[in-house]
Every structure is written in structure tokens, then in C-alpha cells.
Amino acid sequence: VDTVIRNGIIVTASDIYRADVAISDGVISTIGHTIEPTSATEIDATGCYVIPGGIDVHTHLETPSFGAVSVDDFLTGTRAAAWGGTTTIIDFCPQEHGKSLTDALDEWHRHATGNAAVDYGFHSIVVDPSPVVLEELRHLPAQGIPTFKIFLAYRGMSMVDDLALARIMDIACESGAMVMVHAENGDVVYHRQRTLLAQGHTEPKYHAVSRPPRVEAEATARAIALAELSGASLYIVHVSCQEALEEVRRGRERGVKVWAETCPQYLFTSEEDLDRPDFEGAKYVFTPPPRHRHNQAALWQALADGTLQVISSDHSPWNFRGHKDLGRDDFTKIPNGGHGIEERLMLTYQGVEQGFLTLSRFVDITATSPAKIFGLYPKKGTIAIGSDADLVLWDPQAELTLSSQSHHSALDYSMYEGLSIRGVPRTVLLRGTPIISNRNLAATEPRGEFLSRILAKC
Ligand SMILES: [Zn+2]
């Protein structure tokens with residue numbers, strides 16, 4: 001035994017109980033009340049919940065877009081994740097037009113190797129589905145990458161058509177992969193953007209006007225219908241509104257293999273933020289856009305009742321100065337993206353504080369369900385003998401005021417500036433070794449490893 005965590009309350013997606021945890025070689029070796037005193041490192045978890053490390057299945061580190069690169073690399077991004085209680089991320093690896101998926105994945109391995117503070121996997125984004133690339137896709141699950149993402153949005157950049165989506169779904173089904181879809185109707189968004197700009201509407205708030213809820217709901221319904229026809233497993237990223245939730249709910253009721261996530265920004269920001277003065281609305285330009293407030297309650301409800309299974313961050317950080325600035329005269333040129341790799345668990349926990357979520361549901365949507373859906377369970381996402389000792393000592397009484405002054409992302413602003421929250425990760429262990437210890441950085445050397453993932457065959 002290397003480490004024993006004593007006096008905590010263990011919370012999993014199914015249970016809450018008092019027990020101590022012993023860790024050997026980075027793995028949980030005993031859970032019980034009778035772990036003898038040893039020479040092992042003792043960690044006192046009095047007053048804390050002991051929860052599985054968070055799993056963030058939607059991040060964009062060091063990613064080129066809008067002629068720039070998102071501001072967190074694997075070093076700063078994964079360190080921020082650890083500060084927030086996340087011990088595994090799955091980052092999106094985008095194909096470049098005319099290049100292979102393998103080239104892109106090789107580059108992503110170079111980004112991450114030796115730089116990641118937490119464990120990581122990759123999803124492959126297909127933007128240019130040529131016959132060669134489609135053939136390549138079949139072999140990705142064998143390389144530990146069983147999740148393919150496509151965009152139905154971003155016409156002229158990364159959007160693919162329904163023919164490509166149908167083909168990719170069949171390939172996913174045959175090769176044991178799942179298709180992830182950014183669901184917005186890119187043609188309609190493009191049309192509305194051109195119309196708004198022609199009318200002289202250039203400010204950030206028109207970002208939301210150009211892509212209203214029905215644009216998202218239509219593409220969500222279409223992706224679900226195609227999955228139903230193909231038999232493929234489908235995951236809808238960043239569901240933002242009631243209209244799209246209704247489509248997910250209908251699909252699941254029909255027995256379609258569809259899962260879906262939302263992100264904290266849809267629970268804590270609204271379209272009013274896009275109208276902040278002095279161009280500050282640009283800080284809230286992410287896609288889908290922040291919605292009318294009434295959607296927040298609908299999303300909390302969907303997280304609670306299982307319509308949504310996961311909360312991810314969609315961490316895609318662009319500085320206010322130097323990046324968001326690019327769209328001062330044209331909202332379509334504002335780099336799309338927000339942040340949340342550090343804040344995700346803390347913000348979601350406010351749902352427990354406010355009575356929207358049970359403690360076990362909080363663990364389920366931040367760790368357990370992501371592990372199950374994305375092929376990491378039971379190595380990750382739970383507290384069980386034989387699972388990796390990725391553990392968070394969660395202090396439910398500790399309070400924190402969120403700010404760009406104190407966050408660990410390289411981003412030059414916070415969407416949550418001044419927001420006070422209760423419930424903070426005090427100590428964070430990756431495979432038994434603290435990364436964060438009593439709110440101090442413990443590990444200086446990044447020791448995150450690539451996670452090869454396998455899904456159950458479609
Ligand atoms: Zn994203």
C-alpha cells in the first residue's frame with residue numbers, strides 16, 4: 001500500500017458511504033473500515049467527499065481556428081483541468097483539409113506527450129471525408145480512437161453534408177465507433193449571417209440571432225434520424241436549448257442509440273451576456289450561442305432526469321485582446337469559444353447546492369457516464385477495487401470566487417468573473433499521486449498518459 005485516504009465520505013454514481021481507500025501502484029486496492037495503519041502516505045479527508053476524478057470529454061487545446069491557435073496548450077489546459085478536479089480529458093483532434101487523420105493524430109500525440117498533467121484520449125474530427133479518409137476511419141478504433149466527430153455547422157470550413165454523415169455512421173457501426181455531431185444547420189446559419197450583415201447588424205448579439213434554437217433542433221433531429229436509419233451510436237455535443245432537448249428525448253424514446261451532453265456555459269450564461277457593453281459580449285460568443293434564460297432550468301432538469309448523460313466543458317479559449325477583437329466590426333469573425341476545463345465540476349456542483357441534482361447524479365454526469373459512454377469504464381469514472389486511483393477530495397463547504405486573476409487557464413478573461421461558488425476540489429490524485437494537494441500544486445512534472453479506448457461493438 002502506497003497511500004491511504006481516511007475519514008472521507010465516498011460518493012459514486014450509485015452509493016454514498018463512509019470508508020477509507022487504500023492505493024497500491026496507482027490503483028485502488030482496498031475500500032473499507034479496517035485498513036491497518038501502515039507506513040503508507042496518509043491523506044486525511046475529514047469533511048470531504050471522495051469522488052472519482054472528473055472526465056471532460058470535450059476540449060479543444062492548442063487548436064488552430066480563425067487564423068490563430070486556442071490559448072491553452074496541453075500544459076496549461078490540463079493543469080487547469082486538475083485544479084478543477086478533472087483527471088481525464090478527451091481532446092478533439094481536427095483533420096486538416098487535404099490531409100490524413102493520422103497526420104493530425106500524430107501531431108496531437110506530439111502536443112500531449114510529456115505535457116499533460118492528467119490522462120487524455122483523442123476524438124478524430126473529419127472535415128474532408130474523401131474516400132481515402134473514410135477508409136482511414138475504419139482503422140482508428142484499433143488505435144484507441146473509437147469516436148469520430150463531424151460538424152453539421154460551419155459551412156465552407158468544417159461542415160460535412162448528410163451523405164458524408166450517413167457514410168461515416170455506417171463505418172462507425174461496422175468498426176465499433178460512435179459518431180459525435182455538432183448539430184446546427186450550417187446552411188441556414190450562413191444564410192442568416194449574410195442577411196444580418198447586409199442589414200448592418202455587426203455586434204456580438206447577432207451571433208445568437210444568426211443561429212436560433214430551431215437551427216440546432218433541426219440538425220439534432222436530422223442526426224438522430226440518420227443514426228436511427230444506420231443503427232449507429234450517436235452523441236450530440238453541447239445541447240443548449242429546450243427545442244434540441246425535445247428531439248433528444250424523442251429519439252431516446254424511439255430506442256435510437258443517442259446520448260447527449262450540455263456544458264456549464266448554458267447553465268450559467270444567457271443571450272443577455274452577448275449584449276454587454278464595450279464589446280464584452282464577444283466573451284460569450286461560443287457555439288451554440290448562449291440562450292434565453294428559460295433554457296437553464298430545462299437543461300438542469302434534463303441532466304437530472306437522464307435525457308442528458310454528460311456535462312462537458314467545450315473548453316475552447318480565445319483571448320479577449322488579440323482574438324475576440326478580430327470581430328469588432330463583424331460578429332462572424334469573432335473566434336467561437338469559451339472556457340470551463342477548470343470550472344466545470346465547481347459550476348455543476350452548484351446544481352447540488354441548489355437542489356437540481358443529487359450528489360450521486362453530480363458524480364454520474366461529471367465522471368461515471370462519460371467513462372461508460374467513451375470506453376474508459378471501469379478503469380476511470382468510479383471508485384472500485386482495481387480502478388485507477390483518480391480521486392478528488394471535494395470540500396463541500398469551501399467557497400471560491402471565480403476570476404481570471406486566479407484561474408489557471410492562460411485565458412485573459414473569465415466568463416464567470418466575480419461569481420461565488422461553494423464546493424471546491426481540495427486535493428486531486430492521478431493514479432494515486434497528488435497533482436493538487438490542499439489547494440497547492442503538488443506535481444511539477446506532467447505525468448498524464450494517453451488512454452487507448454474501446455467501445456462495445458455497435
Ligand atoms: Zn467543441
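Every number in this text was worked out from the coordinates using simple rules, so none of it is lab data. The structure presented is a predicted model; accordingly, all values stated were derived computationally and were not measured. For neighbour counting, all protein chains shown are included, and Cβ atoms are generated from backbone atoms with ideal geometry for every residue, glycine included.
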Order by protection proxy (mean Cβ within 10 Å, highest first), peptides 401-412, 168-179, 222-233 | 168-179, 222-233, 401-412
For the stretch 93-204, what relative contact order do you get, as a whole percent, if you take Cα pairs closer than 8 Å and at least 6 residues apart?
-> 23
Roughly how many debye, to the nearest 20, is the charge dipole of the stretch 303-380 about its Cα centre, given +1 on each Lys and Arg Cβ, -1 on each Asp and Glu Cβ, and no other charges?
-> 280
Compute the Cα gyration tensor for the stretch 397-458, then decide on rounded, prolate or oblate, letting a ≥ b ≥ c be the square roots of its eigenvalues: rounded whenever a/c is under 1.5, prolate when a/b is larger than b/c in the other cases, and oblate in all that remain.
-> prolate
Determine which aspartates and glutamates satisfy two conditions relative to LYS205: a Cα distance under 14 Å, and not lying fewer than 8 residues away in the same chain.
-> GLU271, GLU272, ASP273, ASP275, ASP278, GLU280, ASP329, ASP330
Between ALA384 and GLU107, Cβ-based FRET efficiency (R0 30 Å, step 0.05) works out to 0.30
Report the one residue of THR38, ILE51, THR76 whose Cα lies farthest in the direction of the positive end of the charge dipole of the stretch 20-90 (charges on C-beta: Lys and Arg +1, Asp and Glu -1; origin at the Cα centre).
-> THR76
The stretch 222-326 - charge dipole about Cα centre, Lys and Arg +1 at Cβ, Asp and Glu -1, debye rounded to 20 | 300
Quick one: helix 294-305 against the long Cα principal axis of the chain, what's the angle to the nearest 10°, folded into 0 to 90?
-> 50
Relative contact order [Cα under 8 Å, 6+ residues apart], the stretch 247-383, whole percent = 23
Figure the gain on full extension for GLU96 and SER420 (residue separation times 0.36 nm, minus the Cα-Cα span) and round it to one decimal in nm.
-> 112.6 nm
Say each of ARG167 and SER24 gets a label point 7 Å from the Cα, pointing the same way as Cα to Cβ; how far apart are those two points in nm?
-> 5.2
Just check the stretch 225-338 against the gyration tensor rule for me: Cα atoms, a ≥ b ≥ c as the square roots of the eigenvalues, rounded for a/c under 1.5, and otherwise prolate or oblate depending on whether a/b exceeds b/c.
-> prolate
Using alpha carbons only, how many degrees (0 to 90, rounded to 10) separate the axis of helix 101-112 from the longest principal axis of the chain?
-> 40
Estimated dipole of the chain in Debye, rounded to 20 [Cβ of Lys and Arg +1, of Asp and Glu -1, Cα centre] = 600
For the stretch 214-222, 3J(HN,Hα) per residue [Karplus equation, 6.51 cos²θ - 1.76 cosθ + 1.60, θ = phi - 60°, Hz, x = Gly/Pro] = 5, 4, 6, 5, 4, 5, 5, 4, 5
Using modelled amide H (1.01 Å from N, peptide plane; none on Pro or chain starts), what sits under 5 Å from the amide H of ILE43, excluding residues fewer than 5 places away?
-> VAL4, ILE5, ARG6
Kirkwood-based Rg over Rh for the stretch 68-198 (C-alpha set), two decimals?
-> 1.01
Taking placed amide H atoms and a strict 5 Å upper bound, the residues 5 or more places from ARG426 or on another chain that come that close are LEU393, TRP394, ASP395
Step through the residues of the stretch 77-88 one at a time and calculate ³J(HN,Hα) from phi using the Karplus curve (6.51 cos²θ - 1.76 cosθ + 1.60, θ = phi - 60°), rounding each to whole Hz and writing x for Gly and Pro.
-> x, 6, 5, 4, 4, 4, 4, x, x, 9, 10, 9
For ALA142 and ALA297, FRET efficiency with R0 = 60 Å and r from the beta-carbon atoms, rounded to 0.05?
-> 0.90
Considering only Cα-Cα distances, which of the following residue pairs are longer than 28 Å: LYS324/LYS380; LYS257/LYS379; LYS99/LYS333; LYS324/LYS372?
-> LYS324/LYS380; LYS324/LYS372
Once the dipole of the stretch 209-272 is set up from charges on Cβ (+1 Lys and Arg, -1 Asp and Glu), the residue from the list PRO213, PRO264, SER233 lying farthest towards its positive end is SER233
Using alpha-carbon positions, the gyration tensor of the chain gives root eigenvalues a ≥ b ≥ c; with a/c under 1.5 called rounded, otherwise prolate if a/b exceeds b/c, else oblate, the class is prolate
Percent relative contact order of the chain, based on C-alpha pairs within less than 8 angstrom and at least six residues apart?
-> 22
With labels modelled as points extended 7 Å from the Cα through the Cβ direction, what inter-label distance (nm, one decimal) is found for GLN199 paired with ASN438?
-> 5.9
